[in-house]
Each structure stands twice: as structure tokens, then as C-alpha cells.
Amino acid sequence: MPQVLAFYSINEAAKPANQRVHHNNSACLPGRDIPQNEMRMGTGNYRLCEDCNRLNARTS
Ligand SMILES: [Zn+2]
């Protein structure tokens with residue numbers, strides 16, 4: 001699945017710090033749920049989402 005530039009939701013800031021994540025895979029469902037107007041480029045210094053991590057580990 002395609003890896004893309006890192007992005008995150010502005011709503012992550014409302015979560016507890018240890019639950020904030022960024023995404024970098026276009027197949028990630030939580031990532032795809034982020035409305036365009038709530039999306040920001042970059043990691044936000046958050047850890048990588050576990051779904052993205054799993055998707056990135058696949059080779060095709
Ligand atoms: Zn993700």
C-alpha cells in the first residue's frame with residue numbers, strides 16, 4: 001500500500017498526548033477519515049499510527 005507524506009488531524013491536539021498519532025499511508029482507515037480541512041502535513045511530533053505501521057510493513 002502506498003506510503004505518502006506524513007499528515008495528522010488537528011483534532012489530535014484534543015487527545016491525551018500518548019494517544020496522538022500521525023499517518024503516512026493512504027490505505028489507513030483512521031487516516032482516510034480525517035476531513036481535508038482538519039488535515040495538516042507533517043508528523044506534528046506525534047508517533048506513527050499503528051494501522052499505518054502495519055500497512056507500511058507490507059511489501060505490496
Ligand atoms: Zn494511520
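Couple of notes before you dig in:
- For His22, nonlocal amide neighbours, meaning residues 5 or more places apart or on other chains whose placed amide H falls under 5 Å from its own, are Arg47, Leu48, Cys49.
- Contact order relative to length of the chain, as percent, for alpha carbon pairs under 8 angstrom and 6 or more apart: 44
- Cα-based equivalent ellipsoid of the range 3-57: semi-axis lengths in Å, sorted from largest, via gyration tensor: 16, 13, 9
- At R0 = 22 Å, FRET efficiency that the Cβ-Cβ distance of Ala57 and Ser26 yields, to 0.05: 0.90
- For the range 3-57, a simple Cβ point-charge model (Lys and Arg +1, Asp and Glu -1, everything else neutral) yields a dipole of about 100 debye relative to the Cα centre.
- Restricting the chain to trypsin sites (Lys or Arg not before Pro) that sit in a DSSP loop and have at most 15 other Cβ atoms within 10 Å of their own Cβ leaves Arg58.
- Modelled spin labels at Gln19 and Arg40, positioned 7 Å past Cα toward Cβ, are 1.9 nm from each other.
FYI, it's all coordinate maths here, none of it is from the lab. Since this is a predicted model, take the numbers as computed values, not measurements. So basically every Cβ, Gly included, is an ideal-geometry build from the backbone, and we count neighbours across all protein chains shown.
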